[in-house]
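The structure appears below as structure tokens.
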Amino acid sequence: MPDTLPFPPFAWEVSIAERPIPLQGPVADAEARLLRDLPAADDATLLRWAAAGDRRAFDQLAGRHLPMLYRVALRITGQPAEAEDVAQEALLRLWRHAARFDPARSQLGTWLYRITANLAIDRVRRVAAQPLERAGELADPALGPEAALAEQQRQALLAAALAELPPRQRAALALSYDQGLSGAEAAAALSVSTRALEGLLRRARHLLSARLRGGGT
Amino acid sequence: MTPRRFARLLDIHGADPARWPQACRGAALALLDSSAEARAMRDAAAALDAALRSSLPQPDPAALARMRNRLAHAVAREPLPVPERRLLRWLRPLAPFGAGALVTLMVCGLWLGLPAAPEPDDILGAPRLMAMMELP
């Protein structure tokens, strides 16, 4: 058996041998997904990819929105463990809903805020709200001992006052002040009118101010 | 702008002028320049804003990583997202009309199903007929 061919290969044989075998079907899809630049993609693109079954794209999207959803849930529930559950549940619902989400009908951020606020409010209604667990530990270390103690007491007062608020008022504070949403956005997330949102904010601030001054409502 | 309106503005939007509605921001800032009472109200609102800001801790990176990990596991166990059926997608905008039509149908059904109240003539008809037959 000779080691070399007795004649040179035809040109078409060489071209076929050098041509890469095109991937098809699920393998090609998987490779295309791996090549996607997830950090550079915007939310709408990530959601479209997630809707097509790309779990990595969804993980990227979740990483972007998880901190803010957690903070909204924490403001409303006052409990880190509950807030974690709420934020995860909201994003899990987004995964289930991804293929049906219509960006023309609602913005992703507003939709997520609405789901998170509703889940958190439901939880608070089942279990009475508690003051934030970490409240009182947040005094600035640069303060002197007396000032730090006064700050801790003020934070404890505020935490107790926040726990007194109805959950919808806490949700209004979370969206308007903590997240910095406009009145229209926060109202849409809470499914209320702008005027009703203003009422929630006013009542919440009145009670908090009164409690910080050491008075009643 | 009156102090009363300014107080209402602070109650809703807080002490940060950037959050005040554009339409009344100029008047509110002018009142702040001219009124010590307004400045005192603004300072009280700013103190509450600061207290609210510091009362909400930033999420711990370890906690965020744990949440993201748990979420990824939950998503891995979930089936792939299912697109809405094309027919339902077309029909969804009509849902309010569909609900209205359903309510109308139910009302009509109830109305037709209720027995009609008997006319007074029908109730008294038989005895009167008997009496008239006995007269001769």
Built amide H within the under 5 Å cut-off of A:Leu165, gap 5+:
none
I need the phi-derived Karplus couplings for the stretch A:97-114: 6.51 cos²θ - 1.76 cosθ + 1.60, θ = phi - 60°, integer Hz, Gly and Pro marked x.
9, 4, 6, 10, 6, 10, x, 6, 8, 8, 7, 4, x, 4, 4, 5, 4, 5
Extension reserve of the B:Met130-B:Asp60 stretch, reckoned as 0.36 nm per residue once the Cα distance is removed:
15.8 nm
Using a/c under 1.5 as the rounded threshold, could you call the stretch B:3-44 rounded, prolate or oblate? The axes a ≥ b ≥ c are square roots of the C-alpha gyration tensor eigenvalues, and prolate needs a/b larger than b/c, oblate otherwise.
oblate
List, in order, the whole-Hz ³J(HN,Hα) value for each residue of the stretch B:68-79 obtained from phi through the Karplus relation with A = 6.51, B = -1.76, C = 1.60 and θ = phi - 60°; use x for Gly and Pro.
5, 5, 5, 5, 4, 5, 5, 5, 5, 7, 7, x
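A short reminder: the numbers here are calculations on the coordinates, not readings from a lab. Given the structure is predicted, the values throughout are model-derived calculations rather than measurements.
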